[in-house]
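Report on the structure given below.
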Amino acid sequence: MGYAAARGGLAAIEFAENLVQELRDGHPSSPLETDQVTGRLRLLVDRVMGEAGLWAPEFTAQALRQAEGDVIEAVHLLRAFKSTLPRIGISDVVNADDMIPERRIVPAFREPGGPQILGRSTDYTARMLSTTPRETKPKVQPAGVTPAEESLDVIPPMQRMSDVLRDMQLLVDRRRTDDPEPFDITRMPAKPPAPRSARLSTMARAETGALVGQWYRNILGPDGYLHEVTLGEVRHGAMPITVTHPVTRNPVKIGEYRVTEVEAIEDLDGIDEDRTLFDIGYGLCFGQNERKAIAMANLDIACHRDGQRSELEQSILMTTDGLDSSGFLEHLKLPHYVTFRSMIERKIAVRQARLQTSPTESKP
Amino acid sequence: MNSTVDEIAGPPHSVPFALLDEESKREIRRALLQAVCIPGFQVPFGSREMPVARGWGSGGLQISLAIVGVNDTIKVIDQGDDEGVNAVNLRRLITSSTGIEETSETDEATIVQSRHRIPEDAMASDHILVLQVPVPEPLRGIERNMKELERMHAEGDYSKMWVSLYEDKVRNGVITQTTGYPCLVAQRYVTATTPIPRWDIPRLHQAEFLTLFGAGREKRVYAIPPFTDVEPLTFEDVPFEVEASNGAKCRLCGSEETFLVETPGSESRWSCSDTAWCRRKRTK
Amino acid sequence: MTNQAEIALYANLVLDVYESQEVFRTLLDALSQPGTIHHLPQAVAHRFVPALAPLAALVSHDVPFAICGVESVATSIAVERATFGRSVDPELAIFIAALSGVTPEAMTIKRGTPHRPDGGCQISYQISGRLILGTTEQSTFSIAGPGVPTVRTISVEWATDQLSSLQQLLDARSDSWPMGFDIWLVDDFGQVVGIPRTSNITGVMVQHDEKVLED
């Protein structure tokens with residue numbers, strides 16, 4: 001049945017919806033519970049929350065289930081859901097140093113201030129596909145090492161690499177004394193030249209692959225705006241949500257969420273830059289999504305150094321949103337036969353013009 | 001007195017009238033009111049995520065949802081067809097969240113949301129046409145830098161567009177713009193007319209109805225008020241050409257006076273793009 | 001204004017979703033068809049000074065607005081409470097209600113920029129009297145441009161003499177389109193005429209005779 005000229009378009013849609021639902025929900029395997037998704041596919045849940053710009057693990061699990069694992073679909077479900085939710089308030093500003101880190105690494109120094117915590121990561125695990133996933137592997141006992149005595153609640157203070165560099169007077173000081181309202185990309189579209197907050201929030205909910213691709217293309221591809229950085233901080237942990245109590249005016253913690261935070265140290269070597277200094281790029285996103293935060297920090301400092309000379313910022317602001325890019329790409333599946341008919345007509349007109357026959361007359 | 005979040009925010013998942021919350025609607029409405037006073041200018045707005053994907057009519061949908069009231073009647077078409085599946089999906093979203101009447105007859109509608117066509121039936125001051133916009137920037141093909149695009153519109157400097165049209169004519173013998181022909185609106189802004197056929201372009205000029213344009217993905221709206229000049233960009237000695245049909249007739253109703261689309265094959269078969277118009281002609 | 005009156009005004013200014021939509025359509029029709037008369041919904045027009053309706057319907061969280069005229073401070077507070085908008089000086093406002101013949105300082109009204117002409121102010125001007133289509137012996141002006149087939153005329157039957165105040169506002173419109181500001185004339189009966197910045201206003205504003213307005 002031709003989908004565009006189908007009579008009973010509604011019937012066609014409803015059949016399609018029923019088919020999806022039956023095959024998805026009627027699959028003979030055990031039903032997928034949301035706690036299985038949040039518990040056993042946590043990194044997928046983290047990624048989707050980051051791209052949706054909504055911290056809601058339970059709803060994200062439902063969205064992934066409903067979307068049969070399609071990340072963009074799940075993100076769409078969550079963002080559309082978010083559109084129906086009223087904004088009842090704005091949380092207080094929090095300091096990134098309030099994070100309780102589960103993981104912290106500092107590639108720039110062997111012994112940074114405060115501990116390096118490898119944490120929950122497969123970075124240094126051999127990628128061997130385990131073909132018997134249900135088998136419980138015996139716990140590896142590190143030889144001659146006892147687990148650290150301290151619990152995570154009493155982490156020694158971690159001095160940020162940017163602060164260390166600043167103390168060593170090796171860092172460009174871009175701190176501002178004013179406190180402008182951050183740009184709200186959910187209320188106003190950002191376009192270049194945009195304030196840094198617009199750039200950062202766009203990247204914070206950009207599609208992970210798009211940011212990684214932008215970064216890689218710039219390092220090794222034809223664009224060449226970026227250099228490799230040295231990472232100063234890679235942190236993952238929980239951040240508090242606090243709001244101001246309407247009566248007491250005191251800050252009240254009402255929940256928490258997890259973020260990945262990255263500071264990327266850039267070696268300044270441009271003609272008009274101070275060769276004695278470093279500069280910093282910043283990345284922050286929901287959940288544990290390290291490649292995204294690292295790409296974000298790299299692209300942040302690249303944009304700053306680029307200073308609107310190229311179209312890097314335009315590229316980031318306008319082409320990294322997953323829903324915009326996928327939606328527009330897939331819209332090609334919609335009927336386009338009016339345009340196509342017009343194209344055929346123009347091709348015939350060009351052919352006729354070339355044959356130097358009398359031009360097609362315009363319609364009165 | 002303790003309040004719960006539900007008490008403050010309202011029950012969860014209760015869908016507001018016309019899907020959007022009031023603040024979103026007001027924001028879109030403010031943008032539309034500016035747009036009407038600056039015909040052809042692309043007004044940025046905080047485009048919300050909709051249940052339809054970006055590129056699939058989310059902008060047109062936001063306009064319809066922001067303007068619709070309980071007494072409106074909605075018609076939604078895609079390529080001129082009320083039964084196109086995307087049109088059906090959009091229409092049911094609008095009616096299910098508002099309870100309003102739907103129709104396929106243009107003269108019964110008060111709001112017509114359309115992708116890529118203007119209905120064949122005449123519309124008047126009690127109609128609002130909402131066009132879905134894939135790319136709101138008419139100069140996109142000739143300039144990629146956004147700051148430069150902004151400057152061109154701000155200064156009314158469309159010289160690059162004129163050069164491009166001239167080169168097209170010289171290279172090809174005719175201007176080869178297909179649908180979405182660029183037009184000068186109210187003698188000021190060059191505007192993307194959306195991929196409507198050239199057939200429909202003259203019907204925007206000094207129209208009796210208001211046309212609103214929604215680009216959800218690119219987050220802009222624009223407008224052409226009624227009785228406004230809409231002039232396709234062309235040269236004095238190169239008359240604007242609509243699609244030629246070479247005497248083709250609709251195989252269903254026999255019409256030669258409507259925009260026809262083709263089913264290619266050994267025997268070329270044409271039919272009206274506006275299916276409701278065609279059906280009515282056949283059943284009268 | 002008494003505290004009680006202020007509270008009553010604030011409550012009345014809260015429009016439900018249906019009312020705000022109807023008011024919006026009236027305002028949209030008025031601006032897209034300049035020189036025609038449109039009607040605010042009755043339920044809204046009788047609840048407060050009709051010229052406040054555009055602000056009540058369009059202002060939302062943090063949107064800057066201003067009120068000019070009698071009781072402007074108390075009215076501003078009421079509008080803020082009803083809409084969560086932000087009361088500012090007229091030169092910062094994107095919506096202004098000009099009540100009882102008081103208009104903002106003409107040169108300071110926001111008109112947008114060449115890159116963002118959509119930053120122009122939209123002003124709701126209270127007509128103490130009645131708007132009438134066509135030419136009468138009263139104040140008359142002609143309106144042409146986008147939205148108008150050739151030319152339309154509008155007359156004003158004044159209840160109190162604010163002719164010069166309206167003339168002042170119309171004269172403040174400059175020839176800098178697409179920048180500029182837009183006007184809704186809103187009379188005592190909830191009738192609205194739109195004058196977008198695109199409109200060309202001509203005609204003679206004549207002095208009106210003292211006339212008792214019949215309801």
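Each reported figure results from applying straightforward, stated rules to the coordinates on display, with no laboratory input. This structure is a prediction, so every number in the text was calculated from the model and none was measured. All Cβ positions, glycine included, derive from the backbone under ideal geometry; neighbour counts span all protein chains shown.
Helices in chain B, meaning DSSP H runs of at least 4 residues, each add -39500 (n - 2.57). Divided by all residues, the mean residue ellipticity at 222 nm is -8500 deg cm²/dmol. The range B:113-180 and the range C:1-48 have Cα centres spaced 37 Å apart. Against chain A, whose longest principal axis is taken from its Cα atoms, helix A:208-220 shows a tilt of about 80°.
Here the sum of -39500 (n - 2.57) over DSSP H runs of 4 or more residues, divided by the residues of chain C, equals -8000 deg cm²/dmol at 222 nm, to the nearest 500.
Length, then width, then depth: along the principal axes, the Cα atoms of the protein assembly as shown run 103, 83, 61 Å. In chain C, the sites counted are GluC sites (Glu not before Pro) in DSSP loop states with at most 10 other Cβ atoms within 10 Å, and the longest stretch holding none of them, exclusive of the sites, is C:1-209. Counting, for every residue in A:324-334, the Cβ atoms of other protein chains within 10 Å of its Cβ and taking the mean gives 6.
Could you work out how far the C-alpha centroid of the range A:174-245 sits from that of the range C:108-184, in angstrom? Centre-to-centre distance over Cα atoms comes out at 45 Å. Between the range B:62-89 and the range B:209-259, the alpha-carbon centres lie 19 Å apart. When C:Trp184, B:Trp162 are arranged by Cβ crowding within 10 Å, least crowded first, meaning fewest neighbours, the order is B:Trp162, C:Trp184. Taking 7 Å steps out from each Cα toward its Cβ at A:Met168 and A:Asp223 produces label points 3.1 nm apart.
Within the range A:190-227, list the residues whose amide N lies under 17 Å from a label point set 7 Å along Cα→Cβ of A:Arg291. Counting only backbone N, you get A:204-221.
Measuring between alpha carbons in the structure, the pairs from B:Lys25/B:Lys75; A:Lys253/B:Lys25; A:Lys82/A:Lys253; B:Lys25/C:Lys110; A:Lys292/B:Lys25 lying more than 25 angstrom apart are A:Lys253/B:Lys25; A:Lys292/B:Lys25.
A dipole drawn for chain C from +1 and -1 charges on Cβ atoms has a positive end, and of C:His38, C:Val17, C:Val73 the residue lying farthest that way is C:Val17. Among A:52-65, B:206-219, sorting by the average number of other beta carbon atoms lying within 10 angstrom of each residue, highest first, gives B:206-219, A:52-65. Rounded to the nearest 10 degrees, the angle from helix B:58-67 to the longest Cα principal axis of chain B is 60 degrees.
Working from label points 7 Å from Cα in the Cα-to-Cβ sense, the A:Phe15 to C:Asp16 distance is 4.3 nm. Around the Cα centre of the range A:9-83, unit charges on the Cβ atoms of Lys, Arg, Asp and Glu (plus for the first two, minus for the last two) sum to a dipole of about 300 debye. Prolate is the label for the range C:36-102, because a/c, from the alpha-carbon gyration tensor with a ≥ b ≥ c as root eigenvalues, is 1.5 or above and a/b exceeds b/c. Residues within the reach of a label modelled at A:Phe109 (point 7 angstrom out along Cα to beta-carbon, backbone nitrogen below 13 Å), restricted to the range A:236-266: there are none.
Per residue, the average separation of C-alpha pairs within less than 8 Å and at least 6 apart gives the range A:9-83 a relative contact order of 24 percent. The overall shape of chain B, judged from the alpha-carbon gyration tensor, is oblate: a/c is not under 1.5, and a/b is no greater than b/c. For trypsin sites (Lys or Arg not before Pro), the sites in the range A:279-312 that DSSP calls loop and that have at most 16 other Cβ atoms within 10 Å are A:Arg309. About its Cα centre, the range A:1-130 has a charge dipole of approximately 280 debye under the convention of +1 per Lys or Arg Cβ and -1 per Asp or Glu Cβ, with nothing else charged. Shape analysis of the range A:9-83 places it in the oblate category; the axes a ≥ b ≥ c from the Cα gyration tensor give an a/c of at least 1.5, with a/b not above b/c. Compute the signed sum of charges (Lys and Arg +1, Asp and Glu -1) over the other residues within less than 13 Å, Cβ to Cβ, of C:Pro117. Combined, the nearby Lys, Arg, Asp and Glu give +1.
With neighbour counts taken as other beta-carbon atoms within 10 Å, the residues A:Lys191, C:Lys110 rank, fewest first, as A:Lys191, C:Lys110. Angle between the Cα long axis of helix A:57-66 and the longest principal axis of chain A, 0 to 90 degrees, nearest 10? Taking the Cα atoms of chain A, the angle to A:57-66 is about 30 degrees.
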